[in-house]
Amino acid sequence: MKKRKIFGVVAANAADTEQREILRGIIKKAQSMNIDIAVLSNIYNPMVTDEIFKTENKIYNLIRSDEYDGIILLSESIINPDIRKLLVEELQKKDLPMVAIGTELPDFDLPALQYINTSDETDIEDICDHLINIHGFKNIHILTGNYELSVSHKRVEGYRRSLEKHGIPYDENKVFFGDFWMISGHAQAKRYINGELPYPEALICCNDYMAYGLLDEFLECRIDINEKMSVIGYEYIRDRYCHVPLLTTFQRNRYALGIMAVELLTEKAGIRNNRLLSEIPRGQLIYGNTCPCKAKITDIRSDFKTAQHKNRYDFLDLFNQLEHSLIECRNIVEFVKKIHEFSSLIRDVDKLYMCLYENWYDSSENSSNMVSYNVLHDEEPFVFYKNNISAVFRNEAAPYYFCPLFFSDRELGYVALSFRGPDTFDHFFRNWLKTVANCLEFLRMKNDIKFYLQCQDISEEREPLTGMLNENGLRKVYHDADKSNLCLVALRIGTIRTYPYSASQNEQINSVLDAAEAVREFSGNHICGKINEDTFFCLMRDIPDTDVLTKQLSAVLLHHTAYMKINGLDSYVCAAIPCEDNDYIQLKEKCFAKMAEMTDMFSSRRTKPHYKKLNKLRTQFYNDPLITFDSEEIYSRFKGSAGYLRTIFRKCYGFTLHDDCINARIAAARYYITMSNLSNAEIAEKCGYKDLKYFLRQFQQVSGYTVLKYRSMWSYTKQ
């Protein structure tokens, strides 16, 4: 259950300067109000839909969580039309207060969405006012963006307002349209240098990139631009240290927008009545050396620190051995430890959780549960439902960034992390994410038995690891078989593995071979096969009771310790379907649907309180059914009262502890009756019964068969 109110922030490429400035304000205000922030962001954020990047955008499925109390949308950052469409579809379903920061966009036309933004017109007007009031300039040019964009004209409108306010005629010949990129800055510089345009007293570039292009061209031509004119940029991209002279620019007040968004959401959500900012946030000049004001030491210091950080982490990114170390890992436990060793690569990281789908290592459909690994601290991994984002939140209010872990079209999970400061989600972290995701896929392939087998010469009808029939062989046998009194019995293994999962590749292979041996024992002389990396099929005749078939298969597998040690009690499902007139595909689909339903049920258990302790207790009495007759012995293995244990056990599993103890005894009895030559008295003793008659009566009551009938039924299958 979540501890505090949660505001979701939907962004894209949150490492970019513009998003980081907004997030600084959001985080600062939210923490002061004890509100958690969950930032959802992709990594690459391409403009057009590209198949290779589709998977990363599944991170936005977390918007489906029911834990949000409000949503903040950084609308301008989300440039991919497919993501916009997905978000609109999901946000329409939510009855939540929502705020969008940025320009109003037709794609995000939602009745519940309230837009807030700075004013382009006011910002450019303030720049022009500075040039006129402080420096007395009157001959001012403006280089704006693409003609077809409304924002380009808004910025020109601010320029016009300032001129007219000061009694200076507006001249459209002094307005130039570019492309908001360095190319148009280069082109504008050449027009001045070549004499095509007379030099003005000052030029306003409506973003920094165009100003950088202009400065670079003057430097290339060895002309001191300060002797010709003043230049002021817009946006404060924070790359000033890469260009000469140091650009004077204007910083939009995105920080204040972030604060406003949180205040507005808390007001709309009824969390707190705020004194909302009534005026549009105004920006400020960041002084450089391209206007007479000259640079201020505070601004130079900020740029210098940015450059220092970039150089330091560029070096670490280039020369660190994280990738090599992760590639050498043999299991997920080693993998997490190695990430911890290199955690200094993420600047100022405070909390870091790697959340992987429970079945991230195989090719089946993603589980609904995640396993969370605390990368920074020695903490036991825990399981939670994938949309319960607050599962990784800790005691104090904090911002958490949720970013995708994926490889090609394979969704592995996501990373949830928090920083000690609000301005540390950067491009170095993006590189770290890519490295971890690529190495996770490498680890998965190293431990994927199927992957190795695909590199071998596999026979047409036999599965090489176990020697059993493969799916082709089993389908052929089924096609030719008499379907009367025939049942398909299936076993799916490794559906949930014991955590922390540290088995070596050899141990994994041995566990699969052990499960295969259990299937052979169960089927006797009947047909069995391994149809994929985790599923076995058996064709069983003349035992129409499907409940008996599945419980017998389970009883046999429970006695195969190489499998059980690695995978655990709740790691497999059994299903049985009468063949009747079904063809192979129909039968397989029915069987898979039944197993999927059971797998979901088992997975849901793992999210229940105390599951891990209860599962450990169950494992003990299924391994040793003798202790099920001693209630005090069982209760002593669980901290808490007997009544409390019985209550939480039933809530977790849906059946009583007493009934499960009986089932553990009967499961052991099923195995000994069918797989040994022990007498009834010897079996009763092995299962903990002191009274033979009581054993015989309880076995018949639970199984529906006398011991004699049960033994006879399974002896027939082994003739």
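Brief remarks follow.
- Shape of region 584-719, Cα gyration tensor, a/c cut at 1.5: oblate
- Phi angles across region 372-382 convert, under the Karplus curve 6.51 cos²θ - 1.76 cosθ + 1.60 with θ = phi - 60°, into 3J(HN,Hα) values of 9, 10, 7, 7, 8, 9, 6, 9, 5, x, 9 Hz, Gly and Pro given as x.
- Estimated distance in nm for a label pair at residue 350 and residue 183, the labels positioned 7 Å out from Cα along Cα-to-Cβ: 4.3 nm
- Summing +1 for each Lys or Arg and -1 for each Asp or Glu among the other residues whose beta-carbon sits under 9 angstrom from that of residue 618 gives -1.
- With the simple model of a label 7 Å out from the Cα in the direction of the Cβ, residue 561 to residue 148 spans 7.3 nm.
- Under 13 Å from residue 310, Cα to Cα: aspartates and glutamates that are on another chain or at least 8 residues apart: 239, 426
- Taking amide H as placed 1.01 Å from N in the peptide plane, the amide H of residue 406 sits under 5 Å from that of 412, each at least 5 places away or on another chain.
- When you count the other C-beta atoms within 10 angstrom of each residue and take the mean per peptide, 601-611, 432-442 line up highest first as 432-442, 601-611.
- Phi-based couplings in Hz for region 405-410 (Karplus 6.51, -1.76, 1.60; Gly and Pro marked x): 10, 8, 9, 6, 9, 9
- R0 of 56 Å, Cβ-Cβ distance residue 476-residue 656: FRET efficiency to nearest 0.05: 0.75
- For the peptides 31-41, 279-289, the ranking by packing is 31-41, 279-289, with the highest mean count of neighbouring Cβ atoms within 10 Å listed first.
- Only aspartates and glutamates eight or more places from residue 58 in sequence, or on another chain, were considered; those with a Cα closer than 16 Å are 50, 82, 89, 90, 365, 409, 411.
- Gyration tensor (alpha-carbon) shape descriptor, the chain, a/c threshold 1.5: prolate
- Sequence-ordered 3J(HN,Hα) estimates for region 679-691 from the Karplus curve with 6.51, -1.76 and 1.60 and θ = phi - 60° stand at 6, 4, 5, 5, 5, 4, 5, 5, 8, x, 7, 8, 10 Hz, glycine and proline given as x.
- Where Cα atoms sit under 25 Å apart: lysine pairs in region 611-717 separated by 8 or more or lying on different chains: 11
- Label sites at residue 337 and residue 693, each approximated as a point 7 angstrom past Cα along Cα to Cβ, lie 5.9 nm apart.
- Helix-derived mean residue ellipticity, 222 nm - over the chain, DSSP H n ≥ 4, -39500 (n - 2.57), to 500: -14000 deg cm²/dmol
- Cα gyration tensor shape of region 138-230, rounded if a/c is under 1.5, else prolate or oblate by comparing a/b with b/c: oblate
- Percent antiparallel among DSSP beta bridges (both partners in the chain, rounded to 5): 55 percent
- Straight-distance crosslink candidates among lysines, where the alpha carbon sits under 22 Å from residue 3 and sequence neighbours closer than 8 are dropped: 28, 29, 94, 268, 351, 386, 608
- Taking every lysine pair in region 471-601 that is 8 or more places apart or spans two chains, those with Cα atoms closer than 28 Å amount to 20.
- Highest-first arrangement of 704-710, 210-216, where packing means the average Cβ count within 10 Å: 210-216, 704-710
- What the Cβ-Cβ distance of residue 3 and residue 242 gives, at R0 = 35 Å and to the nearest 0.05, is a FRET efficiency of 0.20.
Bear in mind these aren't lab numbers, they're just calculated from the coordinates by the rules spelled out. Keep in mind that what you see is a predicted model, and the values were worked out from it rather than measured. Here Cβ is always computed from backbone atoms with ideal geometry, including for glycine, and neighbour counts include all displayed protein chains.
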